[in-house]
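Structure, as structure tokens:
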Amino acid sequence: MSSLLHDKVALITGAGAGIGKATAQLFAKEGAVVYAADIKGLEGISADASFKGKIIPLHLDICDYSAVKTAVMSIKKEHGHIDILANIAGLISYELMPMINYDFFHKMIEVNVVALINLMTLVSRIMQRQHSGSIINMASMVGVKGAKGQLSYSATKGAVIAATKSAAKELAEHHIRVNAIAPGMVGSERFKAVLEEKFAQKINDIPFGRLAEPEEIASLCLFLASDNSSYLTGQIIGVDGGAII
């Protein structure tokens, strides 16, 4: 462990499982005070005794905008700064166009796009006073290149990409970096649950021949959160085992 995030304060959404959980644990290993936020499933997240930082579980519905503002201001009051925001919480869907559930589509827009923008807005106000900060958004390769059977989901991730680029331009003068990660297929518990039914044949389309591990996405989050990426902003970084080549 190299203490890349020593004395940093991070807020991570979707930290109850998968990429979010792996990221929260890695950030804590590297010295950060991590507020691990999720609407449920935080019982299994904790900091190992060997971690240089710590994890503070935060039960939070990111679509409850009053609660989100209270949480952000509480973190600021407690520590005086917020250095990293990782927007990892998200909903996903798999259905052909005629089968789109528009009620769920609206909810997916609220979670994947509107709540993400709200968090960027609130946290960036604090970061502007610091004249520093890193915001990491979770996009997807389907938001870059589209996907049959995922029109509604890819539309929300395309919006995340556009929001990331626009925020990066707006916040650059304050030395706030805004980047997004666009994973391909990741071997999270949620994805493995639908893999055999819907996507088993797609493994053959990945040159690496396997799914990504959540920890591999978390490692890129760590790079973007640390000062090692101090001159990097407005980028959408694909992590897909070569699938887009």
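Miscellaneous remarks
- Residues of segment 72-95 classified as modelled with pLDDT of 95 or more and hydroxyl-bearing (Ser, Thr, Tyr), total: 1
- Count of segment 25-49 residues, restricted to those that are of a type in the set (Gly, Ala, Ser), under 24 Å from Lys107 (Cβ atoms) and in a loop (DSSP other than H, G, I, E, B), is 1.
- Looking at Ile39, Ile45, Ile19, Ile12, just one residue is over 12 Å from Ile88 (Cβ atoms), under 16 Å from the mean Cα position of the chain (by Cα) and not polar (S, T, N, Q), and that residue is Ile39.
- Residues that are without any contact (Cβ under 8 Å) to a residue 24 or more places away in the chain, over 16 Å from Lys76 (Cα atoms) and not small (Gly, Ala, Ser), drawn from segment 126-157: Val142
Residue-wise test of (1) surrounded by 20 or more Cβ atoms within 10 Å (Cβ to Cβ); (2) out of contact with any Leu (no Cβ under 6 Å at 6 or more places or on another chain); (3) over 22 Å from Ile39 (Cα atoms); (4) among the aliphatic types (A, V, I, L, M).
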| position | (1), (2), (3), (4) |
| --- | --- |
| Asn87 | yes, no, no, no |
| Leu96 | no, yes, yes, yes |
| Ser140 | yes, yes, no, no |
| Gly149 | no, no, yes, no |
| Ser152 | yes, yes, yes, no |
| Glu170 | no, yes, yes, no |
| Gly184 | yes, yes, yes, no |
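- Meets criteria (in a helix (DSSP H, G or I) and either loosely packed, with under 13 Cβ neighbours inside 10 Å or at pLDDT 95 or above (or both)) for Ile62: no
- Residue in segment 151-164 that is in a strand (DSSP E or B) and modelled with pLDDT of 95 or more present: no
- For beta carbons closer than 6 Å, sequence separation of 6+ or different chains, a first residue in segment 92-104 that is within 17 Å of Ala147 (Cα to Cα) and a second that is part of a helix (DSSP H, G or I) and not charged (D, E, K, R), the qualifying pairs are Ile92/Tyr153; Ser93/Ser152; Ser93/Tyr153; Met97/Leu151; Ile100/Ser152.
- For segment 110-143, residues that are assigned to a helix (DSSP H, G or I) and either in contact with a Ser or Thr (Cβ under 6 Å, 6 or more places away or on another chain) or within 18 Å of Val9 (Cα to Cα) (or both) total 16.
- When segment 210-228 is limited to residues that are in a helix (DSSP H, G or I) and of a type in the set (Asp, Glu), the one that is surrounded by the fewest Cβ atoms within 10 Å (Cβ to Cβ) turns out to be Asp227.
- Boolean, Lys52 is charged (D, E, K, R), at pLDDT below 95, assigned to a loop (DSSP other than H, G, I, E, B) and in contact with a Ser or Thr (Cβ under 8 Å, 6 or more places away or on another chain): yes
The values are calculated or read from the model by the stated rules, or taken from the named source; none is laboratory data. Since we're looking at a predicted model, the values are computed, not measured. Counting neighbours? That spans all protein chains shown, and the Cβs are built from the backbone with ideal geometry, glycine included.
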